[in-house]
Amino acid sequence: MFQAHNKADAAARPVDAVITWVDDRTPGYRDLLKTYAKAVPDLDPSRTRDNLEILRYNLRLLERHAPWVNRVFLFTCRPQVPAWLDTAHPRLTVVHHDGVIAPDLLPTFNSFAIVSHLHLIPGLAETFLYLEDDMLLLRDVSLADFRAADGRLLVFEKPAATPTYEAIRDPAKERPWNLALAESNRLLDDAYGPARRGYVNHVPLLIDREQWRIMTERFAEAFAATRQARFRAAGNIAPEYLYPQFMLAEGKAERASPAQLAASCGYVPLEDFWPVTALSLWRVRRSLPKWVTLNDNFGNNPSRVTERMAQNFLRRVAPQPSAFERG
């Protein structure tokens, strides 16, 4: 069980967790998606499936390794709720998009648009940990793992530089994720001056609700344009990237050291060419970082070998059901 009030981390004020999730196996969802899709990438199943039920293991590991978390908010589209989830659990709240996002913006299949609304979730604590459903805690963590010694946000920025529009040869052929990074960098350059910025994706993100609100107002036009897009599109921003970079630019964050980066962050691509995933899983088991992301890189027909490897890994690291699962 979560024990929000018997940990020093949560003594001052509660810290919640928000998890975004969707599962396209819900009856009618794929048909709805096809109704609005305008291009092939809009139908990419890697953005909408939960074929491994990773959310189940996400919650198991969150309960075990972050017992200081107060409440968990699952942010998803109506009427989706995992069949195994105990929605009556007192520390769990399922929030559907239509409870937060304006009706004229729905339905939305754009994760950037969805994430841009996190701070508007009713009842959410002023400080919260944001995780995508495929982000798993592998070791005990505390707030100190997400904050610098002086209390500022700790940013887990990788050395490789993120795209800028000047570096993109053909925007029409570029992935929407890279276009969103480039647009985010353009906003940051205009506001704070040109800078080389690294990747900060695939990690849990500790968010100050007020600072997130300030960010959305500072870049109001960009957020409005992103929210209008039902799918990822040119001109969108990536809020989960923009926020840590915004906090760095404002002097309210500092970059993690290379040692902290190595000890904390793991990444496993779930590939149809299974040896790539096998090697990544071996590295994670060997180094045991504080958290890992199992990123869906499958095509339309996921490799069964890779699925079995991932399932075996999940069962090993989180064999016990959480209090959020039905008995």
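Just to be sure I understand: with springs between alpha-carbon atoms less than 10 Å apart, which residue in D134, D16, D44 has the highest mean-square fluctuation in the Gaussian network model of the chain?
Comparing D134, D16, D44 in a Gaussian network model of the chain, the most mobile one is D44.
What is the gain in length, in nm to one decimal, between A323 and A88 on full extension, counting 0.36 nm per residue of separation less the C-alpha to C-alpha distance?
83.5 nm
Past the 27 Å Cα-Cα mark, which pairs from K38/K158; K34/K158; K252/K290; K173/K252?
Beyond 27 Å: K38/K158; K34/K158; K173/K252.
Please turn the phi angles of segment 284-290 into ³J(HN,Hα) values with the Karplus equation 6.51 cos²θ - 1.76 cosθ + 1.60 (θ = phi - 60°), one per residue in order, whole Hz, x for glycine and proline.
Once θ is set to phi - 60°, the couplings for segment 284-290 become 5, 4, 6, 8, 6, x, 5 Hz.
Charges on Cβ only, +1 for Lys and Arg, -1 for Asp and Glu, centred on the Cα centroid of segment 1-151; of S116, T127, V40, which one is farthest towards the dipole's positive end?
T127
Roughly how many percent of the accessible protein surface of segment 144-233 is carbon and sulfur, given a 1.4 Å probe and a whole-percent answer?
Exposed carbon and sulfur together represent 50 percent of the surface.
Report, in deg cm²/dmol and to the nearest 500, the calculated mean residue ellipticity at 222 nm for the chain, where each DSSP H run with n ≥ 4 adds -39500 (n - 2.57) and the sum is divided by the residue count.
Estimated from H runs of four or more residues: -10000 deg cm²/dmol.
Amide H neighbours of R255 under 5 Å, counting only residues 5+ apart in sequence or on other chains, H built in-plane at 1.01 Å?
V155
Taking the DSSP beta bridges in the chain as the whole, what percent of them are antiparallel, to the nearest 5?
30
Just to be sure I understand: with springs between alpha-carbon atoms less than 10 Å apart, which residue in H89, H65, H117 has the highest mean-square fluctuation in the Gaussian network model of the chain?
Maximum fluctuation in the GNM of the chain, among the listed residues, is at H89.
As a test of reading the structure, rank D150, D145 by solvent-accessible area (1.4 Å probe, protein chains only), most first.
Ranked from most to least accessible, the order is D150, D145.
If R₀ is 30 angstrom, what is the calculated FRET efficiency for the pair R175 and D272, using the beta carbon separation as r and rounding to 0.05?
The pair R175/D272 has a calculated efficiency of 0.95.
The values are calculated or read from the model by the stated rules, or taken from the named source; none is laboratory data. The model shown is predicted, which means the values in this text are computed figures rather than measured ones. Heads up, the Cβs are rebuilt from the backbone with ideal geometry, glycines too, and the neighbour counts pull from every protein chain shown. Accessible surface is based on the protein model in full, side chains and every heavy atom, while ligands, DNA and RNA are left aside. Shrake-Rupley method; radii C 1.70, N 1.55, O 1.52, S 1.80 Å.
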